[in-house]
Amino acid sequence: MSINFLFSDEEEADATDSKNSSIINNSSFESGDGNQALGWTFAHNQPAVRSDSDSHTGKYSAYINLKNDGEKPSESHIIKSIDGKFLDGFSYELSFFVKQKRSGTGGYIQQYFIEWFNEEKQAREGTGFKDFSSKIGEWDKIIVPDIKIPESARSVKLLFRFVTAAVSGGRGEVFIDDINLRSDNSPQSILSHINLKVDQAQFKSAIELIDVFLKKYPDDLSKQKMLNLKSRLIKFQNLENLND
């Protein structure tokens, strides 16, 4: 079983920057075709658009411009789904930049939502909808720390929701950019999780983590120790298979 650990679909993280590897490709909406951003879904009755009128980094961002038609509420969703193999037990951090062009009116709210899925695409634990606020006229960084991955999670869905209430005059205008989901993939963190998996007799998971460690840190001083440990764990696994 392969593990997609902190590498985007298109780019492999720089091993020298252990805490800055995001699993989100096209995080700043630079790739796309016109109003649409590659790898993202813009949805609901007043969907976002990819825009070059303002950005935090690069040339593009996602632009939301909600305006109620009478008392009909307006809503926009920005969605990213990431399939792969994630390492349970690690804490992730979600971060993004938001710039409100004007104050929202008519019960305007901004929310994020994170939902994990298992191998069978069944929903696991999630954050539920969480409100966030942002400044008017300047880029504001939002950080959501310590996001736990539920056991057996294999994919994740991120959703950003911008919505007004059912009132006349409801509005909301905002840019969002540089959306990243990261984890601590430092050697110390991976080694700690290897030891935890060994203590829990989860040898298969420990071997997978060792392979991640050896690929990412081939010159680390713990390399030989991890190779020896992997050899012992494979022997344990073979013995278990014989006993079965």
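A short reminder: the numbers here are calculations on the coordinates, not readings from a lab. Quick caveat: nothing in here was measured; it's all calculated off a predicted structure. FYI the Cβ positions are ideal-geometry reconstructions off the backbone, even for glycines, and counts take in every protein chain you see.
Picking from 238, 144, 38, whose Cα lies most toward the positive end of the charge dipole for the chain (charges on Cβ: Lys, Arg +1; Asp, Glu -1)?
144
Roughly what % of Cα-Cα distances in the stretch 187-243 sit above 15 Å, to the whole percent?
Tail fraction, whole percent: 43.
Under the Kirkwood approximation for Rh and a Cα-based Rg, what ratio Rg/Rh is obtained for the stretch 60-136?
So for the stretch 60-136, dividing Rg by the Kirkwood Rh gives 1.03.
In debye to the nearest 20, how big a dipole does the stretch 32-183 give about its Cα centre with +1 on each Lys and Arg Cβ and -1 on each Asp and Glu Cβ?
220 debye
Note down the relative contact order for the stretch 187-243 as a percent, whole number, built from C-alpha pairs under 8 angstrom at least six residues apart.
Relative CO of the stretch 187-243 lands at 32 percent.
Report ³J(HN,Hα) in whole Hz for each residue of the stretch 220-226, in order, from the Karplus equation J = 6.51 cos²θ - 1.76 cosθ + 1.60 where θ = phi - 60°; Gly and Pro get x.
5, 5, 8, 4, 5, 4, 6
Given contacts defined as C-alpha pairs under 8 Å and at least six residues apart, what's the relative contact order of the chain, whole-number percent?
Computed value for the chain: 24 percent relative contact order.
Name the long-range amide H neighbours of residue 54: under 5 Å, sequence gap of 5 or more, or other chain; modelled H, no Pro or chain starts.
61
Please report the Cα spread of the chain along all three principal axes, rounded to whole Å, starting with the longest.
Principal axes ranked by extent give 71, 35, 28 Å for the Cα atoms.
Quick check: the angle from helix 203-216's long axis to the longest principal axis of the chain, C-alpha only, nearest 10 degrees?
In the chain, helix 203-216 runs at an angle near 70 degrees to the longest axis.
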